[in-house]
Each structure stands twice: as C-alpha cells, then as structure tokens.
Amino acid sequence: MKNAKSRWIVVSSILILWAVSSLPAADWPQWRGSNRDGKVSDFKAPQTWPKELTAKWRVPVGAADATPALVGDKLYVFARQGEEEVTRCLNATDGKEVWIEKYATGAATGAAGRHPGPRSSLAVSDGKIVTLGVCGVLSCLDASNGKMLWRKTEFTKTVLRFFTSMSPLIVDGLVIAHLGKEGQGALIAFELASGDVKWKWEAEGPGYASPVLMTVDGVKQIVTLTEKSVAGVALADGKLLWQIPFPPQERAYNTATPIVEGQTVIYTGQNRGTHAVKIEKQGDTFTAKPVWDNAEVAIQYNSPVLKDGFLYGLSDKGFFFCLNAQTGKTAWITDKKESGFGEIVDAGSCLLALPEQSGLIAFKATDKQYEELARLKVSDTAIYAYPVVSGNRVFVKDQDSVALFVIE
C-alpha cells in the first residue's frame, strides 16, 4: 500500500508538471499585447542570463515599424515590400509562410521616407485581422487564409504630415481607428464583421498615438491622444464624454499611448511633462480631475508601462526613468542615453526594453535605482517595433526581417 501510494504521488507530480508545461503560451494579438498595457504574464526570467542569443529562425518580410501579432501558433506580420503593403501569416515555430495577402499603395515620403513601411500594428480578434497602412488603407482579413473581407480607402489622400501611425483597436465587435490628418479627420467605429460605419467623432484629427479602452461607472469609452487634446469618447455611440487640451509645442507630437489604471488616465508628450487625471461621472456628464503633474519627465516616441504603482519608460531625451504613479514624483532617471525610440514590456519578474540600437535589455522593476540584468544583441539594424514576448520566446521585428529568440 505504501509503495502504491508513493507511485501515485510520483505519477501525480509528473502529470502536474506535464500539464503546466503544456499550457498554451500567451498571445500578443494587438498593439502593446493582450490588454494594450505592455504586460505579459507567462515570461520566466532565467536564473542566469545568457551572454548572447541566437535566432532560432529569421525571415525577411520587408520594411515596417509595425509590431507583429501572435495568436496561438501563428505570427502575423505587416510590412512593405516594393510597391506593396504585405500581410503574412507565419508558423511561429519555424517561421514558414502559411499565407500572404498584399496590395499596391503609396509609401511614406519626404521627412518620413526613411520609414516607408507601415507603423500601425495589426489587431487580431474573432478570426479576423485588421491592418492600417502607412497611407491610411484600413483592411480586414480572414486570419485563417488571408482572404480580404473588407477594405476602406476613403482617407488615403488625407494623411498626417508623418503618415499614419495609430494602431487599430478591436473591442465589442467594433474596429476603432482614428483616420485622416490635422484638422481633417475622424475617430471611427467600424463593424468588424461588415466594415459598416457605426459612428464617427469628427471634432479633431488624429495624433500618432493609439486608443485604449476605459470603463467608468459602467460606461465604456475610447481614450486617445488626438492632434491637440486627450479625449474620452463613448464606445456605444461616439459621443464626446470629456476632453483636455494638449496641443503639441515646437517640434513635438502626440505619440504616446495613454495609460489607463482604474479611473486614472496618465498621458505624456515631449516638452509637456507627464500628467495624471481621474475621470469621474457627475450626473450625466464626465469630468477629468487633475491628480498630479510631473514637469521633469516627458516622452516622445514610445509609450511607458505601469507596474506595481510605478511608471517606467524612455524619456524624450533617451534616458530610462521611473516615476511614482500615485504622486507623480520622479523615482530615478538614468544618466546613460539610449534612444528616444524604444519600447518597454512588463515581463513579470523583470522589465524588457528594446531601444532602437541597444539590443534587448532586461532590468529590475524597482523604484530604488536602475539595475540592468542583461543586454543582448538581437539585430544588426535599427528596431522600432515592440518585442513580442510569449513564454520564453521573444519575436523581434527589425528593419527588414522578423526573428525568433528563445531565452533559456
């Protein structure tokens, strides 16, 4: 009996370990991950970080700053090759192409011509993929085979000075996209299934930031930085609920995705610091009540991440920073310049950053001081997309290719 019980314990332990190891890795289906907050739940940092990484596979896919999307065992990549914008479905395990869809369209030109491909990340939901091209082509594809379900081209002649950058949001069967240019644009809700327009908010054109979802007193609202303000718009009908003036100054733009934590919205912009407001409902109206302002830290070309009450990011001057999200006070700022371009992921036990030219950086999430854990080369070219983190896998889109690295 005792031996049988021991065998049962051993067998049970093996089954538990097998079940845990067989759990599916987390998806990254849209801009900034599953919840648009730059967080992943299943990354386990190694006890000893390796000195270097080797790509398990690398596939040329074309030019883009857009972050790929990972759903199940499929990696979706949106980029530009030649005169076309191309959506690819790759097998995430080996990088082999499953299907491809493409269309001819213009590239970014002028001052933005160094980045001719799309900057807007894909969104995947309900078996569909939504892409937004650099010249404003909005498309919906069947995720299983790449078949085009609908496509919108009304705003292709009306794009921002530095071209389209916001990433579409899919929520409650709607595709939310802010299209057009300064003084001539609209935040639009399209039906995901049909492409039909449900509502438009046409008061302001887009900025370069992406919208997020917020719920206050049961009311779902889209929060976004427009060309000259921060606004909350009702998801149900597109009605403006609240608005804060936030006009760009000098050579600055509204580019950072706002951070939502409960009823608090944190927003930032170059030369204008970082700010927090609390959204409150008073009768039938909503107001944005100031909570704090930080004039020391501002962001231009990336979006910060909120972890355990602290905000981490790369400042507009190119330095890592940490500030208290409850008080707005700066906890620390590094003195080593990285880049104004770069994204940060909350990977649980650590933070992962991918500045433009610095490689993949791991550092501790602490308000005491910056403490680097590892700095690993992942590309010979510049990187402007997020690292897609799932389990111990990290997918990296660089200037012309996408690669898979495994951290063990």
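Could you work out the per residue convex hull volume over the alpha carbons of segment 181-321, in cubic angstrom?
Residue-normalised Cα hull volume stands at 121 Å³.
I want to check a number: in segment 100-257, how many lysine pairs have alpha carbons closer than 15 Å, given a sequence separation of 8 or more or different chains?
Value for segment 100-257: 11.
Can you tell me which of ASP308, ASP398, ASP27 moves the most in a GNM of the chain? Springs connect C-alpha atoms under 10 Å apart.
Largest GNM mean-square fluctuation: ASP308.
Among SER390, SER144, what is the fewest-to-most ranking by other Cβ atoms within 10 Å?
SER144, SER390
From the phi of every residue in segment 180-186, what ³J(HN,Hα) in whole Hz does the Karplus formula 6.51 cos²θ - 1.76 cosθ + 1.60 yield, where θ is phi - 60° and glycine or proline is x?
So the Karplus estimates, Gly and Pro as x, are x, 9, 4, x, 8, x, 7 Hz.
Give me MET214, MET166 ranked fewest to most by other Cβ atoms within 10 Å of their Cβ, as a rough exposure proxy.
Lowest to highest Cβ neighbour count: MET214, MET166.
If one puts a single equal scatterer on every Cα of segment 251-341 and applies the Debye formula without solvent, what log₁₀ I(q)/I(0) results at q = 0.11 Å⁻¹?
-0.30
On the principal axes of its Cα set, how long, how wide and how thick is segment 132-198? Give whole Å, largest value first.
Sorted largest first, the three principal extents are 35, 22, 17 Å.
Can you find, among VAL406, CYS350, ALA325, the residue farthest towards the positive end of the dipole of segment 287-408? Put +1 on the C-beta of Lys and Arg, -1 on that of Asp and Glu.
Toward the positive end, the furthest listed residue is ALA325.
Looking at the calculated P(r) for the chain, what percent of the C-alpha pair distances fall above 27 Å?
The share of Cα pairs beyond 27 Å in the chain comes to 50 percent.
Each reported figure results from applying straightforward, stated rules to the coordinates on display, with no laboratory input. Quantities reported herein were computed from a predicted structural model and do not represent experimental measurements. Please note: Cβ atoms are built from the backbone with ideal geometry, for glycine as well, and neighbour counts cover all protein chains shown.
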